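Okay, structure first, notes after.
Read the figures in this text as sums done on the coordinates, not as results from a lab. From a predicted model like this one, the values you see are computed outputs, not experimental measurements. Here the Cβ positions follow ideal geometry from the backbone for every residue, glycine too, while neighbour counts run over all protein chains shown.
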Amino acid sequence: MSDEKKAHLLYDKEGEVTKDRPWIFRTYAGHTNVWASNELYRSNLAKGQTGLSIAMDLPTQCGYSSDHDIAKPEIGKVGVPINSLDDMLVLFDNIPVDEMNTSMTINGTSMWLLSLYVAMAEERGVDISKLRGTTQNDLIKEYLARGTYIFPPEDSIRIIVDMYEYCLHNIPAWNASNICSYHLQEAGATPVQELAFALTTAITILDAIKERDCFTEEEFERCVGRISYFVNAGMRFVEEICKMRAFSEMWDEITTERYGVKNPKFRRFRYGIQVNSLGLTEEQPENNAWRILIETLGVTLSRNARCRALQLPAWNEALSLPRPWDQQWSLRLQQVMAYETDLLEYPDIFEGSLVIESKVKDLKEKAFAEINKIIEMGGGVEAIKTGYMKSSLVASQGERMSKLIKGEQIVVGKNKWTDGLESPLVKDSDGGIFSVDAEAAKKTIDALNQTRKNRDQARAEASLKKLAEAAKNGVNMMEASIECAKARVTTGEWSDTLREAFGEFRPPTGVDGQSLSIESDTLNQVREKIEQFIETHGYRPRMVVGKPGLDGHSNGAEMIAVAARHAGFDVIYFGIRLSAADIVQSALEENVDVIGISLLSGSHNEIVDQLFEELESNGAKESIPVILGGIIPTPDFQALQQKGVKRIFTPKDFDLMAVMNDIMDVINDQKSA
Amino acid sequence: MTKSLHKLKLSNEALLEKMLEALPKELENLLSKAQVHEKWPIARLISIFERNTTENLIARHQIVSYLNAHPGKFNKQAMVLGITGTPGAGKSSLIGEVCLSLLKNSADISIAVLAIDPSSHDSGGALLGDRTRVIFPVKDNRLFFRSQASQLDLGGMSKQTFHVTRLLRKLFDVIIIETVGIGQSEIEVRRLSDHTCLVMQPLAGDQVQFMKAGIMEVPDTFIINKCDEDTLAKKSLHLLKSSLKLASIYVDHQESKKKNIFLTSATKHKGIDELCQFVLEQAQEKVSQKSLNQQEDYFLHKWIKQAYGEFGMGIFKHFAQDEALCTGTLEQKELRFKQIIANFLKHLH
């Protein structure tokens, strides 16, 4: 072998030619109950998956036990319900947690879930310093896009800092939080916004840690090294490659300049990925398989900015929750990419590319400008409270929608080449969709009752009291939470104790000051209908737009609200996490002409029932029409319409003004009834 | 009531005649339910006071006459509290906290909130988002919340807002009006409120800016909200006092219209109890018939100006002694004026 190293080869420390290890293969998974999810995890691991990514159901994420009224329609729908340590023990039964890299998509209740995980390990006799994994715990993006926050921003940041402090001393390989730009892109962020808002979030966290002054310099460096990211990659994969490279470089600069981190190892930009679901279409869903592949390129091609862990969505996500087979198909894509191609044999293949370098530079400059703007406005927490970041996202989303509607952005099968042969993939027996077994929820609630019955009540109460005191006195709450976990405190009890201490937060909605630039014949048609309506009835048609239940993905509802105003409606919009009673009460007080609700969590059947019951009991069921939007599987349409839903809109109905036109027809039908 | 009435375009005389008919049974029922604070009946009555059709005009007259004729049953005489201040001062959250606190501490109180948001100049539509900031109790009939669009009215306070207060005064103890907080609304809200509060952020704007805007003369009470932190709060209080002194407004003697200053934090629940106490005290004070008449006159004149300009006002002054124009409900006066204009135009031919 010659001494001269070749630029296209990878060498290890000994100078031998080598190749990279693949990234961690993960599948975001969890559903029904802890028994079913445990089985799923074990079978995924057996298929060659190398890490776990736990999906929790919405009650667990929002801090409600499964037997709470607001929880009932959601149990096991978008993830696994976890009520107590007993559930956690079942969930990880027969899974070697000391060898596992476990990622939990958990935010509002992240401290609680980490405490349960630690308590589970301790009860099983595992050395907790060996635990590896991540609690997502990025509350800023929850306020912006995902909606499973509970407490006000300052208190949420405190919880995050508590966790960093605890983890660094006790579970050094645990990522106490993840900076998520993933959901920002789903919410409409441009690459520059994604870079800027994610890095601002990291700065907010690190500034708060610095302020607490609980680490030595060496510890702080290690703590910076624990900051990891969870990023999104879309269809514009060249730009995405550049975005990832910009992220790496900017993070290196920020950690050097702002935080003086000397060890380059702790300045490395470490990130996991879930590629974009936003661009996946309900129309011709088989095309999504290609989209997922292309999106994967953006985060794997460049070695200098390659992801550490990769999760792929399933091809049919726009239709409903994926089935095990759909997830397996996505896992296979990762395996083909990592093991059949030569990708992992080369050093960075873009180094020296003028095009890539120029694009990276451009992104960096713009993103730094935005970061400085936010810092000047008072930083990340302030930008949440004022709604600045939220409004920017809704504006970008509005622009994206406008481009789709005008056909300026082509999405194959959606706004171009829409005719085609029907996909055989959606034709199998269950219509290609996954549904949760309703009986399984009962098992969860029975287990919860059992836990409450068997526990040492005095110990549980004492542990909650200690938690409340720690919250009040500014003491790190991790120890108290772990004791709560061991005392078989429930998810609802832990959360309620902190709700009492910190209060619940209602952030700005992001609809203020928004406008749309849609101009179309349909818009003119709608506005004409509205003018006629005003002429006849002496007022502007009124619509209430609400998001019932725990699903916090508010952007769809907000788009509808903004679009409705653009059409000329008076729109009452009041945020997320509303009960059916809340929505009906507003509809009655505001004397609206139509109620529009948006649902993405799969609990539409239950919630629509609740809504109609409320309307019925107020004698308004025949007077106020209800329309529904969101991810609603086609097989559910008929039953929903029979219940009385007047129109159902899905991601297929992306022409917002056509939706408005339809809504005006519903209102006019009602008036002439 | 049928749609046809609106389309028929009856003569003013015929409409004046029609007004004299008794209140339809259907509306009487709604009023009975509204009187015990059932939400949907109140909401539908409010709509009658907001909507601009002939049916609604007549119904308004009939309802107001009915309410006046049954003072025993409809014995409330609510105070209207106007809350104004720039967007971002935290008006919605503050109002929410005040309401929740009032409900908690006064078992018998009934409150109506009327929150106004701006209409879009482009589409005319509006996003009414004031419910977002507060988690109100569900099914507590002591509190009623309604959103209204400003309808591009220059004052940010449409005639509809005033109309609605005419109804709500008879049904509730306290009415809180939240303005859009931009343009002229600070000034306009005084025209229909018995007491006006200006909500500010700590250290908001410099003193000169305040005086230029001339809004310091408007409010009866100042509220510095978002006083989460004591030092900042005290600093702001000092700043406000000194700028009020500079404008010779803040006079600490026993004048009836004493300017009050409150320091509050809606999120940290500071100063809310004091503010609530003050609201309750204000609610005790009887609103004089004279000031109600003044409010009504103001909105009658405003309507005439908007509909007929200075020409209209000239006519109005000319007919100042006209008995029909000075008596009866606002609706009768409006119709009478339309009649005068119509006659005037007829003579021109």
Item to check | Label-to-label distance, nm, for residues given as A:Glu399 and B:Thr231 (7 Å Cα→Cβ offset) | outcome: 4.0
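Per residue of B:110-118, what is the mean number of Cβ atoms on other protein chains within 10 angstrom of that residue's Cβ? Working shown, then result.
Values: counts 0, 0, 1, 1, 0, 0, 0, 4, 2.
Per residue, the number of nearby Cβ atoms from other chains is 1 on average.
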Checklist outcome for this item: Taking only the alpha carbons of the protein assembly as shown, the radius of gyration and the largest Cα-Cα distance, Dmax, both in angstrom, are 31.1, 114
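What is the percent of Cα-Cα separations in chain B that go past 28 Å? The partial results should precede the final answer.
On the way: 28186 of 60726 pairs.
Of the Cα pairs, 46 percent sit more than 28 Å apart.
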Checklist entry - Just in the range A:160-200: which GluC sites (Glu not before Pro) are loop by DSSP and have at most 12 other Cβ atoms within 10 Å? => result none
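So what is the relative contact order for the range A:521-672, in percent, with contacts set as C-alpha pairs under 8 Å and at least six apart? Please list the in-between numbers first.
Numbers: 228 pairs, mean separation 38.7, N = 152.
Averaging sequence separation for qualifying contacts and normalising by length gives 25 percent for the range A:521-672.
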Checklist entry - Viscosity 0.692 mPa s, temperature 37 °C: Stokes-Einstein D of the range B:288-349 from its Kirkwood Cα radius, in µm² per second? => result 273
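Going down the list A:Lys621/B:Lys25; A:Lys210/A:Lys385; A:Lys621/A:Lys671, which pairs span over 19 Å between their C-alpha atoms? Each step should come with its number before you reach the end.
Values: A:Lys621/B:Lys25 23 Å; A:Lys210/A:Lys385 22 Å; A:Lys621/A:Lys671 14 Å.
In this structure, A:Lys621/B:Lys25; A:Lys210/A:Lys385 lie more than 19 Å apart at Cα.
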Item to check | Cα centroid separation - the range A:1-77 against the range A:196-218, whole Å | outcome: 27
Item to check | Neighbour-count ranking [beta-carbon atoms within 10 angstrom, fewest first] of B:Glu21, A:Glu253 | outcome: B:Glu21, A:Glu253
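Just how many pairs of Lys in the range B:288-349 have C-alpha atoms closer than 14 Å, counting pairs that are eight or more places apart or on different chains?
On the way: B:Lys302/B:Lys317; B:Lys302/B:Lys333; B:Lys305/B:Lys317; B:Lys305/B:Lys338; B:Lys317/B:Lys333; B:Lys338/B:Lys346.
Close lysine pairs found across the range B:288-349: 6.
Across peptide A:143-149, how many C-beta atoms of other chains are within 10 Å of each residue C-beta, on average?
That average works out to 0.
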Next on the checklist: Show me the ranking of peptides A:337-347, A:401-411, B:30-40, A:542-552 by mean Cβ neighbours inside 10 Å, starting with the highest.
Outcome noted: A:542-552, B:30-40, A:401-411, A:337-347
Item to check | Per residue convex hull volume, Cα atoms of the range A:182-317, in Å³ | outcome: 99
Next on the checklist: Given points 7 Å out from each Cα along the Cα-Cβ axis, report the A:Asn668 to A:Glu211 separation in nanometres with one decimal.
Outcome noted: 5.5
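Tell me, what is the FRET efficiency for B:Ser291 and B:Lys338 to the nearest 0.05, using R0 = 22 angstrom and their Cβ-Cβ distance as r? Present the calculation step by step, with values, prior to reporting the outcome.
Details: r = 27 Å, r/R0 = 1.21.
The pair B:Ser291/B:Lys338 has a calculated efficiency of 0.25.
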Checklist entry - Can you give the mean number of other chain Cβ atoms that lie within 10 Å of the Cβ atoms in peptide B:141-151? => result 3
Item to check | Cβ-based exposure ranking for B:Ile111, A:Ile648, in which fewest neighbours within 10 Å come first | outcome: A:Ile648, B:Ile111
Checklist entry - What per residue convex hull volume, in Å³, comes out for the range A:521-672 when only alpha-carbon positions are used? => result 98
Checklist entry - Cα centroid distance between the range B:280-323 and the range A:555-621, in Å? => result 39
Checklist entry - What is the Rg over Rh value, at two decimals, for the range B:9-74, using alpha-carbon atoms and the Kirkwood definition of Rh? => result 0.99
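Compute the FRET efficiency between A:Leu9 and A:Ser520 as 1/(1 + (r/R0)^6), taking r as their Cβ-Cβ distance and R0 = 51 Å, and round to the nearest 0.05. Can you show the working numbers first?
Numbers: r = 56 Å, r/R0 = 1.09.
The formula returns an efficiency of 0.35 here.
Rank these for me by crowding, A:Ile632, A:Ile128, going from fewest to most other beta carbons within 10 Å.
Final ranking by Cβ density, sparse to dense: A:Ile128, A:Ile632.
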Item to check | Inter-centroid distance (Cα atoms) of the range A:236-256 relative to the range A:132-185, Å | outcome: 21
Checklist entry - Looking only at Cα atoms, what is the convex hull volume of the range A:1-107 per residue, in Å³? => result 144
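Give me D for the range A:252-357 in µm² s⁻¹, whole number, from Stokes-Einstein with Rh from the Kirkwood sum over alpha-carbon pairs, 25 °C and 0.890 mPa s. Don't skip to the end; give the middle numbers.
On the way: Rh = 15.9 Å.
This corresponds to a translational diffusion coefficient of 154 µm²/s.
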Checklist outcome for this item: Projected area averaged over all directions for the convex hull of the alpha carbon atoms of the range B:1-128, nm², comes out at 10.8
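Once every DSSP H run of n ≥ 4 in chain A is given -39500 (n - 2.57) and the sum is divided by its residues, what mean residue ellipticity at 222 nm do you get, rounded to the nearest 500 deg cm²/dmol? Walk me through the intermediate numbers first.
On the way: 24 runs with 322 residues, N = 673.
That comes out to -15500 deg cm²/dmol.
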